[in-house]
Amino acid sequence: MSGLNRREALTAALGGVAASAIGFGGRADAAGTVDNAAIEAMLDRDMAAARIPGLAVTVMRRGAQQAMFLRGKASVPFDAPVTDRTLFHTGSVGKHTIAIGILRMQEAGLVSLDGEVGRYVKDVPDRWAKLPIRNLLGHTSGMPDYGPGFAQDRPYTRKDLFALADQPMQFECGSVWNYSNTAFTLLGQLIEDISGMSYARYVREEVFGRAGLRDSRPDDAKSPIPYRSEPYEWRDGALQHAVRMSSSVSHIPAGGLLMSPRDQPAWATALTDGRLLSAASAELMYRPGRLNNGGATGYGLAWFLDTLPSGRRIVWHTGSVPGYRTAYYRIPETGFSMMVQTNVATDRHYMIAQKVAEAFDPGSTTLSLKPIRETDAAATARARAIVLRTAPLSGADFAPDLARFIASHGDRTVPRYDMFGTVGAFELVQESVSKQERWRRYRATYPDHVRYVSVGNLPDGKIFLVLPR
């Protein structure tokens, strides 16, 4: 494929459906004009393929709305359309609100990122007390995720949640990257204990209020909130209401926020104009963490971080709760940002975000990457076997800390793509090498979509992290 031009390579990589699925007819022309009708047609095709009831896509450039696409139903039984005021649950996309609160408190001298969480949170279990806030924000603390028995529709007190997660630490702090919602729930308690407010009130007044948001707010499942969309999922071939979260779970600090499309431009502006954070504090969110072995985590403070071969940085996050999926995508250098919000459980929301981003900001996503010359076929074969699980995971492939984690917690700790269908090509599309690590990004091509995975190796060749990006 190295002889193909960019459009041909991308079309082939998407299994022959790129021209229609990514919507090349909607891409910006030389004058920067985008064919919105082509984007709408692309979204309608993707909604039909993924059976999405309602969808909102807001595209922004330096805080100004560039386009908004509102499709489908916020409520199917009431035939209520998605509007610019429709509220969607953002799930873990809301985690950066926690980071903003913590950084604001650091600016005020109330906390330190390197401070131990037990200094600030009341009644924290002893095994967590010495964990630094920075590690909690970066998913390297070793704190386990919600424990056995956690159910979205059950009410929980702070004591209940602490008891559920009060299990042995998963790994030594700083030795492994592993996603933990519990860590962010604990940080929400920190904000409450320092501010003297409930987390919901703090967000309303100190974050969303300062940002000038009109509709967005913490969720409260028991309350009849105007314009809140209904959450759905497909079960046994039928569209059904998703599990209704309890109020204590629906606004849990790990990501319990509702946001509307019309609030997105104001939010994008507030993230960069100094209203919420100084430029120095904001930049801390986008600084990748490092493990004890020197490897970069690809995650900052509540944001996934990425860099394309062009040097363009990508800041992003996805969110998932029962009946909602969200993807937020930002390109700091160009001021481009966008949010995709849906009211159904689907695994295609991030791909939709990438397609729209490519249409408005060509070359801004991994979809623009071409296969590159293979320099280590053995490493690619190993990555393919790991991701597709064509053989059991071998501890010999991984750095010691990650190998121990896999041995004790199972192969769910490493992304797997074998459940998404039959893979056609598995190709190297990006490689970067430094003294501390080597990263290789691969594209797995399926009949109707693609997925990406990045593998980080230490100088001795051992894998220290596998990320779905």
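The values are calculated or read from the model by the stated rules, or taken from the named source; none is laboratory data. Everything numeric in this text was worked out from a predicted model, so none of it was measured. FYI the Cβ positions are ideal-geometry reconstructions off the backbone, even for glycines, and counts take in every protein chain you see.
Got a sec? Which of Arg440, Arg469, Arg412 is charged (D, E, K, R) and modelled with pLDDT of 95 or more? Steps first, answer last, please.
Numbers: Arg469 fails: modelled with pLDDT of 95 or more; Arg412 fails: modelled with pLDDT of 95 or more.
From the options Arg440, Arg469, Arg412, the qualifying one is Arg440.
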Q) In this structure, is Glu172 acidic (Asp, Glu), in contact (Cβ under 8 Å) with a residue 24 or more places away in the chain and part of a loop (DSSP other than H, G, I, E, B)? A) yes
Q) Under 6 Å by Cβ, and 6 or more places apart or on different chains, what pairs join a residue from segment 334-345 that is assigned by TED's automatic domain parsing to the domain that holds Arg62 and buried (at least 24 other Cβ atoms within 10 Å of the Cβ) with one that is assigned to a strand (DSSP E or B) and of a type in the set (A, V, I, L, M, F, W, C)? A) Ser337/Met60; Met338/Val59; Val340/Val57; Val340/Ala327; Gln341/Ala56; Gln341/Phe88; Thr342/Leu55
Q: Could you grab the pairs with beta carbons closer than 6 Å, sequence gap of 6+ or different chains, first residue in segment 55-83 and exposed (fewer than 15 other Cβ atoms within 10 Å of the Cβ), second one among the small types (Gly, Ala, Ser)?
A: Arg62/Gly335
Q. Any residue in segment 264-281 that is of a type in the set (Phe, Trp, Tyr) and under 21 Å from Ala74 (Cα atoms)?
A. no
Q: Could you list, in sequence order, all residues of segment 33-54 that are touching a residue at least 60 places away in the same chain (Cβ under 8 Å) and either among the β-branched types (Val, Ile, Thr) or under 14 Å from Ala353 (Cβ atoms) (or both)?
A: Val34, Ile39, Met42, Leu43, Asp46, Ala50, Ile52
Q. Of all residues in segment 358-381, which are without any contact (Cβ under 8 Å) to a residue 60 or more places away in the chain and not β-branched (Val, Ile, Thr)?
A. Gly363, Ser364, Glu374, Ala377, Ala378, Ala381
